[in-house]
Amino acid sequence: MKWDPNKYVEFGNHRDRPFHDLLGRVQSSGPRKVVDLGCGPGNLTATLTERWPDARVMGIDSSEEMLLQAESLVKATTSGEQSGRLEFAQGDIATWAPDADTDVVVTNAALQWVPGHQEMLGGWLRSLKPGAWFALQVPGNFTSPSHTLMRQLAESPQWASRLNGVLRHDDAVGSPADYLGIMLDAGCSADAWETTYQQVLPGEDPVLQWVRGTGLRPVLAALSREESADFEQEYSAMLREAYPATAHGTVFSFRRIFAVARKNA
């Protein structure tokens, strides 16, 4: 599944806010190594060099398209004495493990793409050194109309043969309580919560434009260009009914799940 970095960063203020809300609960004062798992186009990863000026920041992502965009930030972000503080590397989250010197791990809107990540999380936490931090954010909107209508259409007689098994939902993410329990069991002090953002999106068919950058990607990857256009035409009509436009724009409720852990001594 290929990603479009430019499409992904649309609605930047809305997409960026959960990242900053998550980082607000990470109280690491002087980390030396910070890892961003599933860094995407790297724009948010680059802000970690400002948050922790003495840290080496490594962004990891599996998408070549995303990393190509991220690499363009390196030269613009680091120079002189700061050279080498921001790095990006291609890698699979499912096979990643923290190094012994890792102080902070951040993963923002990425783990929902990794089957079995809850089991992996326990192993990552147990591998962290005492005092290290792990912060995650995942979308919790798999029961919202944007996703239920997508699945409903994908499972319809017209599309079922082409899209069977493409969309995950039941096991994509855990609840705040699930992540809290994993973190506590791994010997961490932990905090977990959820927030539903009421986002006012401008423009024509803005919810369709939103999911094109993320949740709709597996569908588009499985269909031809002509089939994708037909699917989107049906899906957009369903979205307009579920999310009617107002004089102020289209209100899009988006639930996010957060969890932050600090490894105990």
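Any read-out appearing in this document is the output of simple, stated calculations on the displayed coordinates, not a laboratory observation. If you're wondering where the values come from, they're calculated on a predicted model, not measured in any experiment. We place every Cβ from the backbone using ideal geometry, glycine too, and count neighbours over all the protein chains shown.
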| Using θ = phi - 60° and the Karplus form 6.51 cos²θ - 1.76 cosθ + 1.60, what ³J(HN,Hα) does each residue of the range 233-238 get, whole Hz, x for Gly and Pro? | 5, 5, 5, 5, 5, 5
| task | Would you kindly state how much longer the chain becomes between Ala89 and Glu64 on full extension, computed as 0.36 nm times their sequence separation minus their alpha carbon distance, in nm to one decimal? | result | 8.0 nm
| field | Label point distance in nm, Gln233-Ser29, each placed 7 Å from Cα along Cα→Cβ | value | 6.2
| said: Name the residue from Pro115, Phe19, Thr250 whose Cα lies farthest towards the positive end of the charge dipole of the chain, charges +1 on Cβ of Lys and Arg and -1 on Cβ of Asp and Glu. | reply: Phe19
| query | Counting Lys +1, Arg +1, Asp -1, Glu -1, what net charge surrounds Gly42 among other residues with beta carbon under 11 Å of its beta carbon? | reply | -4
| query | Given +1 on the Cβ of Lys and Arg, -1 on the Cβ of Asp and Glu, and no further charges, what dipole in debye does the chain carry about its Cα centre, rounded to the nearest 20? | reply | 560
| message | Assuming 0.36 nm per residue, please report the length gained on full extension of the stretch Ser72 to Asp185 beyond their Cα-Cα distance. | response | 36.7 nm
| Looking at Ala132, Gly59, Thr47, which one has the Cα that reaches farthest to the positive end of the dipole of the chain (charges on Cβ: Lys, Arg +1; Asp, Glu -1)? | Ala132
| said: Loop by DSSP (not H, G, I, E, B), at most 14 other beta-carbon atoms within 10 Å: where is the longest site-free stretch of the chain for GluC sites (Glu not before Pro)? | reply: 1-154
| request: Rounded to the nearest 10 degrees, what's the angle between the helix 176-185 long axis and the longest principal axis of the chain, both from Cα atoms, 0 to 90? | output: 30
| request: Of the DSSP beta bridges with both residues in the chain, give the percent that are antiparallel, rounding to the nearest 5. | output: 55
| task | With a point put 7 Å past each Cα toward its Cβ, work out how far Asp101 is from Asp171 in nm, to one decimal. | result | 3.7
| the range 5-263, relative contact order [Cα under 8 Å, separation at least 6], % | 22
| message | At 222 nm, what value in deg cm²/dmol follows for the chain if DSSP H runs of at least 4 each add -39500 (n - 2.57) and the sum is divided by all its residues, to the nearest 500? | response | -11500 deg cm²/dmol
